[in-house]
Amino acid sequence: MALNSKSEDMFDVILLADDRFHVEGYREGYEEGTRQGLTEGRNHGGTHGAKLSLEMSFYYGFALTWKCLLQNSTEVNTHRKKLKTLETLLALLQSFPYDDAQYENLQQDITKTRAKFRQVCSLLNVLTDFREFVSTAGGLSF
Amino acid sequence: MSWVKSVPSSGDDVFDEEEDDLSLQNKEWRTNMEKRAKEGYRDGADAGKEASLQHGFNAGYREGAAKMVAIGQLKGILSAMQCWCQQQHLNSPLLRQLLQDVVKHEEAMVRNMEMEMAKLHPQANVRDVTDHMEDLAVWGADCASEEGDCAMKDCSREEGAEEGIFSSLSVCRNPTCDTFSLEQRLGQLMKTCLELVAELGLPEELSHHIKQLMST
């Protein structure tokens, strides 16, 4: 290292030592900081990802089941509009990558999906007390 | 007048004073360098954290999302079934009970996830301590010889790393056990749901979807 060179000016040696200690400290700090950042980020991300996934998966299961039930019912023809809206909701849920935290249209797509779900509920004549039950139980926020 | 007293106390030897001076300078230099290293550490820790936080968030986000797909869908399926039955004037206490169980299970899964996270923090602290110990060793080695005992150092490090893995495994064993039983319970709930679909005479298509969910 430069420190070993005898022709070095004393001043340079001091400055270099100063730098060296700073750099060594920095390197160790960086490693520890990276570890901490990954852990903390992972914890925060996990909670957010789980919450949104619970909500979106709920919509998916809900819409898919209704679709199955209406398609197989005796009065399919009276359910055309409901089925169409359900299809739109399912397509929305399938097309947007809600497990990607950095997806640029995340917020926009969440809003769209929630609105579509509300529309589905009103078309299906889902009772309000059911919605209350779900929202208190699952933490869905409309 | 105090200086008069201080002169005899430092002794007659002039060299002593110089030595004091030198060691004082040495001490000051060391303090400064330690300060520099600490500053560097702090800067590095901040930079490292900033650089990795988003990366960790994204990974955790994906993991958390993946964990909740099945239980979320199951709750949606059962909720829709309940709405349907209500509209058809079908009363199934079993369905109501199952939906409540699923809601409870969802809460348990969320709680379990939070607990696993809380467990990660003390682990990080243990790492902190071992890191500091490693730091000390590294500083000491720097002062002594550059090479020579490198092999020994590596050896002890490997041992330490192995210990780390084992201890983290034994720490993780409990939560994975919990996760396993949570998963088993989720499987049971899905099975009950499947039986209920058949019992209520609901479409085969729905059973098919639940089976798909069970296999993921």
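The values are calculated or read from the model by the stated rules, or taken from the named source; none is laboratory data. Computed from a predicted model, the values in this text were never measured in an experiment. Don't worry about glycine lacking a Cβ; one is built from the backbone with ideal geometry, like all the others, and counts go over all protein chains shown. The accessibility values were calculated without ligands, DNA or RNA, using every heavy atom of the protein model including side chains. Shrake-Rupley method; radii C 1.70, N 1.55, O 1.52, S 1.80 Å.
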- Task: Just need a number here: residues in the stretch B:72-104 that are closer than 23 Å to residue A:49 by Cα and within 7 Å of chain A (Cβ to nearest Cβ).
- Result: 8
- Item | Pairs where the first residue, in the stretch B:26-39, is within 8 Å of chain A (Cβ to nearest Cβ) and the second is in a helix (DSSP H, G or I), C-beta under 6 Å, 6+ apart | B:33/A:21; B:36/A:18; B:36/A:21; B:36/A:22; B:37/A:21; B:37/A:25
- Message: Any residue at all in the stretch A:4-22 that's more than 7 Å from chain B (Cβ to nearest Cβ), more than 30 Å from residue B:213 (Cα to Cα), assigned to a helix (DSSP H, G or I) and open to solvent by less than 50 Å² (accessible area, probe 1.4 Å)?
- Response: yes
- Task: Tell me, please, whether a residue that is open to solvent by less than 40 Å² (accessible area, probe 1.4 Å), more than 7 Å from every other protein chain (Cβ to nearest Cβ) and in contact (Cβ under 8 Å) with a residue 24 or more places away in the chain can be found in the stretch B:61-69.
- Result: no
- Filter the stretch A:91-127 for residues that are polar (S, T, N, Q), more than 10 Å from chain B (Cβ to nearest Cβ) and over 23 Å from residue B:82 (Cβ atoms) and give the result. A:94, A:95, A:105, A:107, A:108, A:111
- Task: Taking only the stretch B:74-99 into account, find how many residues are in a helix (DSSP H, G or I), free of Cβ contacts under 8 Å to residues at least 40 places away in the same chain and either open to solvent by 80 Å² or more (accessible area, probe 1.4 Å) or in contact with a Lys or Arg (Cβ under 6 Å, 6 or more places away or on another chain) (or both).
- Result: 3
- Go through the residues of the stretch A:94-109 one by one and say whether even a single one is surrounded by 15 or more Cβ atoms within 10 Å (Cβ to Cβ), in contact (Cβ under 8 Å) with a residue 24 or more places away in the chain, in contact with a Phe, Trp or Tyr (Cβ under 6 Å, 6 or more places away or on another chain) and in a helix (DSSP H, G or I). no
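One line per residue, one yes/no per condition, for (1) away from chain A (no Cβ under 14 Å); (2) farther than 16 Å from residue B:73 by Cα; (3) part of a helix (DSSP H, G or I); (4) at pLDDT 95 or above:
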{"residue": "B:163", "(1), (2), (3), (4)": "yes, yes, yes, no"}
{"residue": "B:170", "(1), (2), (3), (4)": "yes, yes, yes, no"}
{"residue": "B:173", "(1), (2), (3), (4)": "yes, yes, yes, no"}
{"residue": "B:179", "(1), (2), (3), (4)": "no, yes, yes, no"}
{"residue": "B:185", "(1), (2), (3), (4)": "yes, no, yes, no"}
{"residue": "B:198", "(1), (2), (3), (4)": "no, yes, yes, no"}
{"residue": "B:201", "(1), (2), (3), (4)": "no, yes, no, no"}
{"residue": "B:213", "(1), (2), (3), (4)": "no, no, yes, no"}
- Task: Could you tell me which residue of the stretch A:23-61 is surrounded by the fewest Cβ atoms within 10 Å (Cβ to Cβ), considering only residues that are among the hydrophobic types (A, V, I, L, M, F, W, C) and over 18 Å from residue B:45 (Cβ atoms)?
- Result: A:52
- Query: Any idea how many residues of the stretch A:15-62 are aliphatic (A, V, I, L, M) and in contact with a Phe, Trp or Tyr (Cβ under 8 Å, 6 or more places away or on another chain)?
  - Reply: 2
- Query: Quick one: how many residues across the stretch A:66-89 are out of contact with any Leu (no Cβ under 6 Å at 6 or more places or on another chain) and open to solvent by less than 10 Å² (accessible area, probe 1.4 Å)?
  - Reply: 3
- Task: Quickly run through the stretch B:194-206 and pick out the residues that are more than 10 Å from residue A:68 (Cα to Cα) and surrounded by 11 or more Cβ atoms within 10 Å (Cβ to Cβ).
- Result: B:194, B:195, B:196, B:197, B:198, B:199, B:200
- Message: Here is a check on your reading of the model: is residue A:120 modelled with pLDDT under 95, among the β-branched types (Val, Ile, Thr) and within 23 Å of residue B:65 (Cα to Cα)?
- Response: no
